[in-house]
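The structure under discussion appears below in the form of structure tokens.
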Amino acid sequence: MLAAPLNVHIMQALEAGPLAPLSLRRAANSPPQSTMRVYLRDLTAVGVLERHRQDSFPPVVEYALTAGGRALLKVGEVLQAWLKAAPEGEILLGTPASKSATRALVDGWSTNIVRALAARPYSLTELSRLNNQTSYPALERRLAAMRLVNQVEAIRVDGRGTPYRATEWLRQSIFSLTAATAWERRYIPDSSTRIGRLDVEAAFLLAAPLMQLPTDVNGMVRLGVEVQGGASPVLAGALIRIQDGKVASSSNRLEGKVDASVTGTAMAWLRQMRGGASLQVEIGGNQALGELVADALRVSAVAAFEPLDPSVS
């Protein structure tokens, strides 16, 4: 919804209060009436807008933001903070450039390109082998779109194939994604996709290298979330190795000895990674190390979520 400029313009126009259709259309840069009608219908159907009809003569119709619509605007502020940090210069929400960047991110997430590149560089051929649900040409188009907007970059190597890696800016997008996910869980739970193993892995693998830790911190830490896996829940997440305060390696393989574990429900982690109150999750093993890592993830999110009203967290 936030990728479409007209959706953004409609919500921003209603932020100050309800508007009649003609006034709203003017405030949203005067799109064609038929286009405006479709967008208003869709935003109303999903619960972002509500339509009021006054009992008067002639009857007066107004559109207004719902509580969910106002919360979605707050998610838009987080997305805007990410777009402003674009490598080629600030991008404004509601512009064609914003649409390109946001759609590239969403398409990269839905085809698991983001999940793969969050772990390590891959060539297009390797990505195709990993993903048998998406055709090679479709993957190629999505990867090209992500490269065009600086979410992935090519690495020069000797030999066949060009590996691509996630940029720092792509990693920072995880906080916009967690904001959007939390909004879906609260306002459209029946139509939102269930959080799965690959989603959890992608979130941790993207976010872990962003942590700022003291240089004397070392150890193996397991980050985990219980997700539904067939008949019973399974633990999904990432195993990260910290050396001298930096993430030296990360993996989705959770087996093996660790110094600390940080686990919690999906909602607890969403609150933690949205800059909410510290220690929304449970710590096992080395308490000090686990708390440092959990808080480092939260602090990384605070910078991205600075525009959010604290009540939204």
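Against the conditions (1) in contact (Cβ under 8 Å) with a residue 60 or more places away in the chain; (2) acidic (Asp, Glu); (3) more than 30 Å from ILE174 (Cα to Cα), where does ASP55 fall short? Just the number, please.
Failing condition for ASP55: (1).
Take VAL61 and tell me if it is in a helix (DSSP H, G or I) and of a type outside the set (S, T, N, Q).
no
Which fully enclosed helices (runs of 4 or more DSSP H) of the range 88-167 have 1 or more residues being β-branched (Val, Ile, Thr) and modelled with pLDDT under 95? Please lay out each step first, then the result.
Values: elements: 96-110, 113-119, 124-130, 136-148.
Result: 124-130.
Which of the residues spanning the range 218-256 are among the charged types (D, E, K, R) and more than 12 Å from VAL293 (Cβ to Cβ)?
GLU226, ASP244, LYS246, ARG253, GLU255
Where the second residue is outside any helix (DSSP H, G or I) and not small (Gly, Ala, Ser) and the first is free of Cβ contacts under 8 Å to residues at least 24 places away in the same chain and lies in the range 20-40, which pairs have Cβ atoms under 8 Å and are six or more apart or on separate chains?
What qualifies is ARG25/PRO31; ALA27/LEU19.
Of the residues VAL200, VAL217, only one is in a helix (DSSP H, G or I) and touching a residue at least 60 places away in the same chain (Cβ under 8 Å); which?
Details: VAL217 fails: in a helix (DSSP H, G or I).
After applying the criteria, what remains is VAL200.
Scan (1) at positive phi; (2) in contact with a Gly (Cβ under 6 Å, 6 or more places away or on another chain) for the single condition GLY219 breaks and write down its number.
(2)
Looking at the range 49-59, can you tell me whether even one residue there is under 24 Å from TRP183 (Cα atoms), of a type in the set (A, V, I, L, M, F, W, C) and modelled with pLDDT of 95 or more?
yes
With GLU77, GLU62, GLU88 as the choices, which residue is closer than 18 Å to ALA180 by Cβ and of a type in the set (Asp, Glu)? I'd like the intermediate steps shown before the answer.
Working: GLU62 fails: closer than 18 Å to ALA180 by Cβ; GLU88 fails: closer than 18 Å to ALA180 by Cβ.
Result: GLU77 is the single residue among GLU77, GLU62, GLU88 that is closer than 18 Å to ALA180 by Cβ and of a type in the set (Asp, Glu).
Can you tell me which of LEU65, LEU92, LEU73, LEU79 is among the hydrophobic types (A, V, I, L, M, F, W, C), surrounded by fewer than 16 Cβ atoms within 10 Å (Cβ to Cβ) and under 27 Å from GLY275 (Cα atoms)?
Values: LEU65 fails: surrounded by fewer than 16 Cβ atoms within 10 Å (Cβ to Cβ); LEU73 fails: surrounded by fewer than 16 Cβ atoms within 10 Å (Cβ to Cβ); LEU79 fails: surrounded by fewer than 16 Cβ atoms within 10 Å (Cβ to Cβ).
Of LEU65, LEU92, LEU73, LEU79, the one residue that is among the hydrophobic types (A, V, I, L, M, F, W, C), surrounded by fewer than 16 Cβ atoms within 10 Å (Cβ to Cβ) and under 27 Å from GLY275 (Cα atoms) is LEU92.
Is it the case that the range 167-185 has a residue that's crowded, with 19+ Cβ neighbours inside 10 Å and in contact with a strand residue (DSSP E or B) (Cβ under 9 Å, 6 or more places away or on another chain)?
There is at least one residue in the range 167-185 that is crowded, with 19+ Cβ neighbours inside 10 Å and in contact with a strand residue (DSSP E or B) (Cβ under 9 Å, 6 or more places away or on another chain).
Hey, among LEU130, LEU139, which residue is buried (at least 20 other Cβ atoms within 10 Å of the Cβ) and more than 30 Å from GLY47 (Cα to Cα)? Spell out how you get there, then give the answer.
On the way: LEU130 fails: buried (at least 20 other Cβ atoms within 10 Å of the Cβ).
None of the others qualify; the one that does is LEU139.
On the basis of being over 14 Å from the mean Cα position of the chain (by Cα), among the β-branched types (Val, Ile, Thr) and assigned by TED's automatic domain parsing to the domain that holds ARG156, does THR134 make the cut? Before the answer, list the steps.
Values: over 14 Å from the mean Cα position of the chain (by Cα): yes; among the β-branched types (Val, Ile, Thr): yes; assigned by TED's automatic domain parsing to the domain that holds ARG156: yes.
Considered against the rule, which asks whether it is over 14 Å from the mean Cα position of the chain (by Cα), among the β-branched types (Val, Ile, Thr) and assigned by TED's automatic domain parsing to the domain that holds ARG156, THR134 comes out as yes.
Of (1) touching a His at 6+ places or on another chain (Cβ under 7 Å); (2) in a helix (DSSP H, G or I), ARG171 satisfies all except one. Which?
(1)
When the range 125-160 is examined, which residues are found to be closer than 17 Å to ARG115 by Cα and touching a residue at least 60 places away in the same chain (Cβ under 8 Å)?
Listed by number, the list holds a single entry, ASN150.
The values are calculated or read from the model by the stated rules, or taken from the named source; none is laboratory data. Note that the coordinates shown come from a computational prediction; the quantities given were computed from them, not determined experimentally. Reconstructed Cβ throughout: ideal geometry from the backbone, glycine too, with neighbour counts over all protein chains shown.
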